[in-house]
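A short write-up of the structure that comes next.
Since every read-out is calculated from the coordinates, none of them should be taken as a lab result. These numbers were taken from a predicted model, which means no experiment stands behind them.
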Amino acid sequence: MKSYRGITALVTGASKGIGAAYAHELARRGAHPVLVARSGDALRRVADDIARSHQADATTVAADLAAPGGVEGLVAELDRRDLTVDLLVNNAGSGAVGPFLTSSLRRHEDSVDLNVTALMRLTHVLGGRMAARGRGGIINVASTAAFQPMPYQASYAATKAFVLSFTEALAEELRDTGVRVMAAHPGATATGFFDGTTAELKPSFADAPQAVAAATLKAYDRGAVNAYPGRAVTRPMTWAGRVLPRVAAARLTGRLNRVLELDRAREIDGAER
Ligand SMILES: NC(=O)c1ccc[n+]([C@@H]2O[C@H](COP(=O)([O-])OP(=O)(O)OC[C@H]3O[C@@H](n4cnc5c(N)ncnc54)[C@H](OP(=O)(O)O)[C@@H]3O)[C@@H](O)[C@H]2O)c1
């Protein structure tokens, strides 16, 4: 296991799920984690767990990255606290599920604002600073959903396709600059990702967030541009979208998502996300 001692690692979406697991794994390796999400209380609970489990100090910053000015506010707060980010983990993400036309447009827009715009903005500001220092790293959390169109998760898969393409291009632009960029593509992972909707992740299909976090950092240490941190089928699952005609891939994922009943998924009225 590579040591991250002396590294300040900012993890977005660190209040729960895969992001909290990234924060733990980074602290276990000696990094100073900076935890970002909207829920300040949940972030502080994760920071307390990290202090107990790894005798490490974690900094928390509550920020809504999808809100106008959210990323700029976070960066101003980092500067106010004199924090230099060595590793940025763009993990925060959300996705609408169900038929596009009958689901709330706001959920789709929020997902684009967070998964695409906030990720790109943070990468631009903090990546620019890393490039000026000649060192640093960025891990963008995409998904196996990035590799093919996905009916009933149409905008979500499209945001992740953006993350994949953007990350691969940036990794090449920054090759040999001292700044490493990698995309991570988890498969189904046991988190509250579908909370607030009628959709469910089948536990037997889902990986543990801790295993996903550890495998992501292992791939990053190896110098990978793309990481597939799930169970063994995770990577082969992305091949269908690369070899089939795109219309056939969309038909296949549409059929699969209908088996998973995502064609009937909807937001639960008044549910807290
Ligand atoms: N779970 C899966 O099966 C799976 C598979 C592949 C890829 N992924 C990707 O992995 C990443 C993490 O997903 P997860 O499953 O861990 O989801 P999750 O349990 O729903 O956690 C999402 C995190 O993002 C934060 N967040 C949401 N909206 C935000 C906003 N506007 N500003 C700042 N933070 C915000 C949430 O905290 P607050 O609510 O406190 O803001 C939470 O910490 C996402 O990018 C997701 O697309 C997940």
3J(HN,Hα) from dihedral phi, segment 40-51, Karplus parametrisation 6.51/-1.76/1.60, rounded to Hz, x for glycine, proline: x, 5, 5, 4, 5, 5, 5, 4, 5, 4, 5, 4
So which aspartates and glutamates pass the test for Lys2, namely a Cα distance under 13 Å, with those fewer than 8 places away in the same chain ruled out? Glu25, Asp221
Measure of size requested: the Rg and Dmax of the chain, with Cα atoms as the atom set and Å as the unit; please supply both. 17.9, 51
Using only Cα atoms and rounding to the nearest 10 degrees, what angle (0 to 90) does helix 17-28 make with the longest principal axis of the chain? 30 degrees
With θ set to phi - 60°, apply the Karplus curve 6.51 cos²θ - 1.76 cosθ + 1.60 along segment 5-11 and write out the HN-Hα couplings as whole Hz, x wherever there is a Gly or Pro. 4, x, 9, 9, 10, 8, 10
